[in-house]
Amino acid sequence: MRKVPSSITPVLAVNRKSSTPIYRQLYDSFRDLIVQGSLGSGQQIPSTRTLAKELGISRFPVLNAYAQLLDEGYFEGHIGSGTVVSSSLPDQPALSGPVSLRSTGILSGPRRSSQISAQLPKVETVPWLQGRAPFVGSQLALDQFPFNVWSRLLAFRCRKILENSLHYGHPMGLRDLREAIATYLRTARAVRCQAEQIMIVSGSQQALDIASRVLLDRKDRVWLEEPGYTLARHIFMMAGTRLVPVPVDQEGLDVAAGKKLCARAKAVYVCPSHQYPLGVVMSASRRLQLLHWAQSTGSWIIEDDYDSEYRYAGAPIASLQGLDRYSRVIYIGTFSKVLFPSVRIGYVVVPPDLVEQFVAVRQAMDIFPSNLYQQVLSDFINQGHFERHIRRMRAIYHERRNALVASIRKDLADILRVLGGDAGLHLTVTLKKPASDVAISARAALQNLWLWPLSICYLGSAPRQGFVLGFGGIPVDQMPKAVHRLRAVLDEKLVKSAVRSGI
Ligand SMILES: Cc1ncc(COP(=O)(O)O)c(C=O)c1O
């Protein structure tokens, strides 16, 4: 049985005005908590001195109540040397066991939640999200991360906790980190920004949430790339907006098609540097069309630049924000791909006239970002480790990407077509033969292969089937074997679906 520290005092009903003596009230409360399962066997009980102090009563009734609970076998141990709930008592499964998410059996009456939350897809245990083996989407080469450096910086910041880093901080985040990010973005991504415009957030997901709260009202229309990033879609669903899926072709989001579908959308969400999932880079002419549309309709462009640190062909691509002369672009970036996702640090570059509103919304949401990792990350960047890490990882991922493309061309060219692939940590492939990508992904999961089905990235019906294949976590020498295993799953499934459809 899990023990909790004795200093945690359970909620005990003690009423000084009651005619029932205090010792009896304490005895009844403890016994009820044990019988209901709120206190489990082996769990530590506060000392009589601590409990008396916390309840503001004399120690005598506490001593009497404990003595009786010991006598009757509810408690064991000795007063003064640690008392615990008796380990011989059976646990009470009804209330102390894991609560069933469907029904606790004690709920009644109408249970109305918001319509919007009910519309969000359930975080189900889809088969292709369960593992950490070949082709998982966001898997990184974490064994290559300089954890020795990171833990040294972390230990230093923990030892040197300055008093002012323990207080509430500013909703925009830590000044040092914002300066470091602004310098990086101006140089590496051609973003036009000052530190005053950078808001630190807990990943792109929070950036999207804050941006949608600042920019959008319910029923506003929002263009989304089709196919696109499902987690961005969920943010705009939560905001109660109307989603307008706009097709993506070889040049990126089709602006003319968007105008035909809904000329006056309030905002557009795009990944111009590396479209998710198709991997397309938005052409210069489409970028200018999009900026011109946003300016002429008063719309906002939300640019998600989630992985362009990893570009393997040609010169780095400048951000769309850097081309914007009208302050229409909200630029979002993340450290999930360049460090590790659980660091939960990202950033938004906010147009100067919107900074106050972003601050107000942030304050209302979670007040400000936690300090410690921000300090460690700003040290990591300022001491040059970040830049070195990106350079090293770009070379490693480039090799892994080449190995995946070569293996697919060698072993799977008759079944799969490769799309994009000049950047990032995933490659998208489409099936050349008719089959259900969802069914194949479910089958592959049983073989410990994790394929993200392309069709679920479409809001409307999917015109093609395929997979988003993560390659970041697969060393070069293991790639041919992983592709070989993929071939086996595809062969088995494709033969079955061909037989079913009489081909
Ligand atoms: C399109 C896109 N944007 C952003 C992210 C990163 O999200 P976060 O910063 O919330 O971890 C991902 C991660 O896979 C992504 O695919």
**Fill in**
Dividing the surface of the Cα convex hull of segment 233-360 by four yields a projected area in nm² of 8.7 nm²
**Asked** Using just the C-alpha positions of segment 349-503 as equal point scatterers, what log10 of I(q)/I(0) does the Debye formula give at each q in 0.16, 0.21 1/Å?
**Response** -0.93, -1.26
**Dimensionless Rg over Rh [the chain; C-alpha; Kirkwood]** = 1.07
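Taking loop as defined by DSSP and a crowding limit of 11 other beta carbons within 10 Å, which trypsin sites (Lys or Arg not before Pro) in segment 8-43 fit?
Numbers: sites: ARG16, LYS17, ARG24, ARG31; in loops: ARG16, LYS17.
Those satisfying the criteria are ARG16, LYS17.
What trypsin sites (Lys or Arg not before Pro) in segment 232-322 are in a loop by DSSP, with at most 16 other Cβ atoms within 10 Å of the Cβ? Don't skip to the answer; put the middle values down first.
Numbers: sites: ARG233, ARG242, LYS259, LYS260, ARG264, LYS266, ARG286, ARG287, ARG311; in loops: ARG264, LYS266.
Listed in order of number, the matching sites are ARG264.
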**Compactness of segment 301-366 as Cα Rg over 2.2 N^0.38 Å, two decimals** = 1.29
**Request:** Would you pull out the residues with amide H under 5 Å of PHE75's amide H, same chain only if 5 or more places away, H placed 1.01 Å from N?
**Result:** LEU70, SER86
**Dipole magnitude of the chain about its Cα centre (Cβ charges: Lys, Arg +1; Asp, Glu -1), debye to nearest 20** = 540 debye
**Item:** 5 angstrom amide H check on GLU226, placed H, neighbours 5+ away
**Value:** VAL246, VAL248
**Request:** Could you check how much of the accessible area of segment 201-308 is carbon and sulfur, as a whole percent, using a 1.4 Å probe?
**Result:** 52 percent
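Kindly provide the Kirkwood hydrodynamic radius of segment 218-289 in Å, to one decimal, from all pairs of distinct alpha carbon atoms.
Working: mean 1/r = 0.0824 Å⁻¹.
Here the Kirkwood hydrodynamic radius works out to 12.1 Å.
Helix-only estimate, please: 222 nm mean residue ellipticity of the chain, summing -39500 (n - 2.57) across DSSP H runs of length 4 or more and dividing by its residues, to the nearest 500. Don't jump to the answer; show the numbers that get you there.
Values: 16 runs with 196 residues, N = 503.
-12000 deg cm²/dmol, from helical runs alone.
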**Message:** In segment 306-405, if the dipole is taken from +1 on Lys/Arg beta carbons and -1 on Asp/Glu beta carbons about the Cα centre, which of TYR373, ALA360, VAL350 is farthest to the positive end?
**Reply:** TYR373
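The values are calculated or read from the model by the stated rules, or taken from the named source; none is laboratory data. Note that the structure is predicted; figures quoted are calculated from it, not measured. Cβ atoms come from the backbone with ideal geometry, glycine included; neighbour counts cover every protein chain shown. Just the protein is used for accessible areas: all its heavy atoms, side chains included, with ligands, DNA and RNA removed. Shrake-Rupley method; radii C 1.70, N 1.55, O 1.52, S 1.80 Å.
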